[in-house]
Amino acid sequence: MKPIVYITRKLPDEAVAGLRESYEVRMWEEEETPVPREVLLEEVKEASAIWAMLTDSIDREVLDNAPNLKIVSNLAVGHNNIDLDAARERGICVTNTPDALTEATADLTFALLMATARRLSEASRALRAGEWKAWTPLGFTGHDVYGATIGIIGMGRIGEAVARRAKGFDMDVLYHNRTRRRFEDFVYSDLDELLSRSDFVVLLTPYTDQTAGMIGERELGLMKNTASLINVARGGIVDEKALEAALKNGDIWAAGLDVFEEEPVPTDHPLLSLPNVTVTPHIGSASVQARHAMMQLNAEAIHACLTGNDIKNRVC
Ligand code: DGY
């Protein structure tokens, strides 16, 4: 009997073809909807590998239901949806997809940064609604990106890629990270100083117990009232109620959000009604090239694990 690989979402044939040669591949055959919990719990019973999405909670209950499981390979660089302690205790390997999505996610980060600075979604909406009556000297004026100061919280691969883009715009780059790193052009800053000096505060830190809610009322209060907050990491890093208040009161200029505490974010969420908020539906890594490269990493990791070879991109 071939080992079973369970894939929690419909993936393109070409991404899965290689695995089909050696394994029995089972898949949740829907692209738009995450696998229901009860189906996941049933399907993992015989699985040697789970190819998971960031929408799946791979917790103790799932792992307990999967006695043959050797690997969980996550189609994301973030892995806060997986209980790593529980995986470690059971000797189950977890992998993610770094590098493949670095540039795509940095592009989206910069797109949101520019959109907030120049009020793109607000201006576009007004035009479509027939509110553009005439060109006006100060209509839809925003803030310069060129020469501004960017503060990057979480200076990993994606942070560095954003910083490189920022240098092309002649920006001053501050960063805050758990560990100080050696850069010629990017300046380490403590969190409070970064918040108070930056024109754009960009969140790219992993979501952990330490970073949950790290941007709240106090931190938003330190930001300039002309500054934008960009979150392409995880929604739970920001206190959304505090953010709503800061945006409404004009304590900060704007927010660009790709991620939310609850996803999909409910359409009646107060943040969505604010004109100075630009939103996208968690599409940081959503370029065709990045997503295919990510899938390839997952497939390779699963194959390496199930054949006893060296596994790349291990988180644990
Ligand atoms: C990730 O890989 O963690 C990103 O959030 C996907 O866009």
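The values are calculated or read from the model by the stated rules, or taken from the named source; none is laboratory data. Note that the coordinates shown come from a computational prediction; the quantities given were computed from them, not determined experimentally. Counting neighbours? That spans all protein chains shown, and the Cβs are built from the backbone with ideal geometry, glycine included.
Some observations on this one:
- Of the residues making up region 263-291, those that are assigned to a helix (DSSP H, G or I), surrounded by 15 or more Cβ atoms within 10 Å (Cβ to Cβ) and under 18 Å from the mean Cα position of the chain (by Cα) are A290, R291.
- Top-ranked residue in region 208-242 [being away from the ligand (no atom under 16 Å from the Cβ) and of a type in the set (V, I, T); ranked as nearest to W253 (Cα to Cα)]: T226
- Residues of region 300-316 classified as touching a strand residue (DSSP E or B) at 6+ places or on another chain (Cβ under 8 Å) and not in a loop (DSSP other than H, G, I, E, B), total: 5
- Taken over region 198-220, residues that are in a strand (DSSP E or B) and of a type in the set (A, V, I, L, M) amount to 4.
- Contacts under 6 angstrom Cβ, first residue in region 193-211 being without any contact (Cβ under 8 Å) to a residue 60 or more places away in the chain, partner of a type in the set (D, E), 6 or more apart: L195/E219
- Of all residues making up region 58-76, the number that are assigned to a helix (DSSP H, G or I) and either out of contact with any helix residue (DSSP H, G or I) (no Cβ under 6 Å at 6 or more places or on another chain) or surrounded by 15 or more Cβ atoms within 10 Å (Cβ to Cβ) (or both): 4
- All of (1) touching a residue at least 60 places away in the same chain (Cβ under 8 Å); (2) within 14 Å of the ligand (Cβ to nearest atom) hold for M53 with one exception: (1).
- Answer residue from region 257-290, given it is touching a residue at least 24 places away in the same chain (Cβ under 8 Å) and among the charged types (D, E, K, R) and is nearest to the ligand (Cβ to nearest atom) among those: D258
- In region 161-174, the residues that are more than 17 Å from A111 (Cβ to Cβ) reach residues that are of a type in the set (S, T, Y) with C-beta atoms within less than 9 angstrom, at least six apart or across chains, in these pairs: D170/Y146; D172/T149; D172/S198; V173/T149; L174/T149; L174/Y188; L174/S189; L174/S198.
- Where a residue in region 20-45 is without any contact (Cβ under 8 Å) to a residue 24 or more places away in the chain and surrounded by 16 or more Cβ atoms within 10 Å (Cβ to Cβ) and its partner, wherever it lies, is in a loop (DSSP other than H, G, I, E, B) and of a type in the set (S, T, Y), with Cβ under 6 Å and at least six apart: W28/T8
- Residue check, W28 modelled with pLDDT of 95 or more, among the aromatic types (F, W, Y) and away from the ligand (no atom under 16 Å from the Cβ): yes
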